[in-house]
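Asks: Handing you this structure, nothing more for now.
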Amino acid sequence: MKKPPECQGCVLQKRGVSFTKPTGTGENGVLIIGEGPGATGAVEGVPFVGESGIQLNRSINRHGYKRDDFGLGNLIQCQPPKNWLDGAPWQREAIEHCRIHLHKIVKKFKPKVISLQGNLVLRELAGLNGLLPGPKNNAPKRGYVFDVKVGGHRCLAVPTMHPNFVIGGNQHLAGVHMGDISRAY
């Protein structure tokens, strides 16, 4: 999809591929936010398609929910080079420049709860780090409920792993991912 005028001057204006639009009705009050589109999302112009979308759909459907009842969006709306955002030299500038689109997504859906998909989204929207336990994190944040304010909209947030993390060798966490999304609902 063609990028809107607000993308002028972004570090990813020429490097980033396509532009995604949010999907879903959001009628259940939950907005699912990921990092950015992957290759399939860039081609189709919608978030959470391709392999990550298949895993997300499994998590949603397993609890009897319908994907369309959720709002779905991303921190950034174009696919970054090599699908690399977290830790990339363009990370900060791209997220800041694309914040206007994120705020529009939140304003459109007015969610009661945002399901934060991945640690980068947790850091950006809740100011926290550490989804899972590790050597530097003995207080994992996934599955807990936090207050957040995004674009002037205050709501709750429930962080979980990104679907790509689950399918990337962590299938044993698929049930946890499902449970976290259910908790947001």
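The values are calculated or read from the model by the stated rules, or taken from the named source; none is laboratory data. Because the structure is predicted, anything quoted here is derived from the model rather than measured. Cβ sites come from the backbone with ideal geometry, for glycine too, and all protein chains shown count toward neighbours. Surface accessibility is based on the protein's heavy atoms, side chains included, excluding ligands, DNA and RNA. Shrake-Rupley method; radii C 1.70, N 1.55, O 1.52, S 1.80 Å.
Asks: State whether the residues of segment 22-39 include one that is closer than 19 Å to LEU122 by Cα, assigned to a loop (DSSP other than H, G, I, E, B), small (Gly, Ala, Ser) and free of Cβ contacts under 8 Å to residues at least 40 places away in the same chain.
Replies: no
Asks: Now for a separate question. Taking ASP147 as the residue in question, decide whether it is of a type in the set (D, E, K, R), out of contact with any Asp or Glu (no Cβ under 8 Å at 6 or more places or on another chain) and not in a helix (DSSP H, G or I). Talk me through it step by step, then tell me what you get.
Replies: Numbers: of a type in the set (D, E, K, R): yes; out of contact with any Asp or Glu (no Cβ under 8 Å at 6 or more places or on another chain): yes; not in a helix (DSSP H, G or I): yes.
So ASP147 passes the test.
Asks: Do any residues in segment 60-76 that are open to solvent by 60 Å² or more (accessible area, probe 1.4 Å) have Cβ atoms under 6 Å from those of residues that are of a type outside the set (A, V, I, L, M, F, W, C) and at pLDDT 95 or above, where the two are at least six apart or on different chains, and which pairs are they?
Replies: Close Cβ pairs satisfying both conditions: ASP68/GLY24; ASP68/THR25.
Asks: Out of all the residues in segment 114-133, is one or more of a type outside the set (S, T, N, Q), touching a residue at least 60 places away in the same chain (Cβ under 8 Å), open to solvent by less than 50 Å² (accessible area, probe 1.4 Å) and farther than 23 Å from SER18 by Cα?
Replies: Scanning segment 114-133, I find at least one residue that is of a type outside the set (S, T, N, Q), touching a residue at least 60 places away in the same chain (Cβ under 8 Å), open to solvent by less than 50 Å² (accessible area, probe 1.4 Å) and farther than 23 Å from SER18 by Cα, so the answer is yes.
Asks: Right, GLU51: open to solvent by 60 Å² or more (accessible area, probe 1.4 Å) and either more than 21 Å from ASN170 (Cβ to Cβ) or in contact (Cβ under 8 Å) with a residue 60 or more places away in the chain (or both) or not? Reasoning before the result, please.
Replies: Values: open to solvent by 60 Å² or more (accessible area, probe 1.4 Å): yes; either more than 21 Å from ASN170 (Cβ to Cβ) or in contact (Cβ under 8 Å) with a residue 60 or more places away in the chain (or both): yes.
Yes; evaluated as a whole, the condition is true for this residue.
Asks: May I pose another question? Looking only at segment 68-126, filter to residues that are in contact with a strand residue (DSSP E or B) (Cβ under 7 Å, 6 or more places away or on another chain) and in a loop (DSSP other than H, G, I, E, B); which one of those is nearest to PHE146 (Cα to Cα)?
Replies: By that ranking, first place goes to LYS112.
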